[in-house]
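Data first, discussion second: the structure below is written as structure tokens.
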Amino acid sequence: MGEMVQVKRPHGKTCPAYLATPKDWGLNDQIKKIADRLAQAGYRALVPDLYRGKVAKAADEATHMMSNLNFRDAAEQDIRGAVQQLKQASKEKVAVGGFCMGGALTLLAELRVPEMDAGACFYSLPPVDPAEFKKIKIPLIATSRTRTIGARPRRSMSSRTFSSSRMQNSRCIAMTQSTRS
């Protein structure tokens, strides 16, 4: 259902991405299926390939890939480029969502990507001072593995409603990758 595309990063270089009109394991079939499911629900989903084609085959390899990822660059360039591309293609709002490492990148993007309209973080925290989270001004749902740890939505929503229209009318989602398969 989806296709590989190139996303222009703010500094001018490009990043491969999966577009359907990531996990620390890379842009694997599981992440593509999630993007496809969002597309089937009426969203445009764009997933930057943060590892440039590399996909982990074992947990230790995934951990190694994640530990070498430049989180700030991934948020400020790859994710921001994906959000900008979605914004240029549509007047719809854009939300960023991610699981595990992708959740951490979602929170980091909330702080570093001014074009974002909403975010959904499904566990994990980025390597930043927790006091920075007070700077987040857009709708956000953040969950741990067992409970909601913070939310800033305009109306009630849970992680089950992530792909529903309650995501502040966002019809485009720039997903981030996770650290689990």
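Residues in the stretch 9-20: is at least one under 13 Å from the mean Cα position of the chain (by Cα) and within 26 Å of I136 (Cβ to Cβ)?
Checking the stretch 9-20: at least one residue is under 13 Å from the mean Cα position of the chain (by Cα) and within 26 Å of I136 (Cβ to Cβ).
So is G81 out of contact with any helix residue (DSSP H, G or I) (no Cβ under 6 Å at 6 or more places or on another chain) and not aliphatic (A, V, I, L, M) or not?
Answer is yes for this residue.
For the stretch 53-76, what are the residues that are surrounded by 13 or more Cβ atoms within 10 Å (Cβ to Cβ) and either hydroxyl-bearing (S, T, Y) or at positive phi (or both)?
Once the filter is applied, which keeps residues that are surrounded by 13 or more Cβ atoms within 10 Å (Cβ to Cβ) and either hydroxyl-bearing (S, T, Y) or at positive phi (or both), the stretch 53-76 yields only T63.
Can you tell me which residues in the stretch 82-113 are of a type in the set (K, R) and at pLDDT 90 or above?
K87, R112
Between a residue in the stretch 29-45 that is among the aromatic types (F, W, Y) and any residue that is assigned to a loop (DSSP other than H, G, I, E, B) and buried (at least 17 other Cβ atoms within 10 Å of the Cβ), which pairs come within a Cβ distance under 7 Å, given they are 6 or more apart or on different chains?
Matching pairs, first to second residue: Y43/S163.
Collect the residues in the stretch 114-125 that are aliphatic (A, V, I, L, M) and either at pLDDT 85 or above or in a strand (DSSP E or B) (or both), keeping them in residue-number order.
M116, A118, A120
Residue check, V128 against (1) within 16 Å of G26 (Cβ to Cβ); (2) at pLDDT below 90; (3) of a type in the set (V, I, T), all met but one. Which one?
The single condition V128 does not satisfy is (1).
The values are calculated or read from the model by the stated rules, or taken from the named source; none is laboratory data. Just so we're clear, the structure is a prediction, and the values are computed from it rather than from any experiment. Quick reminder, even Gly has a Cβ in these numbers, built from the backbone with ideal geometry, and neighbours come from all protein chains shown.
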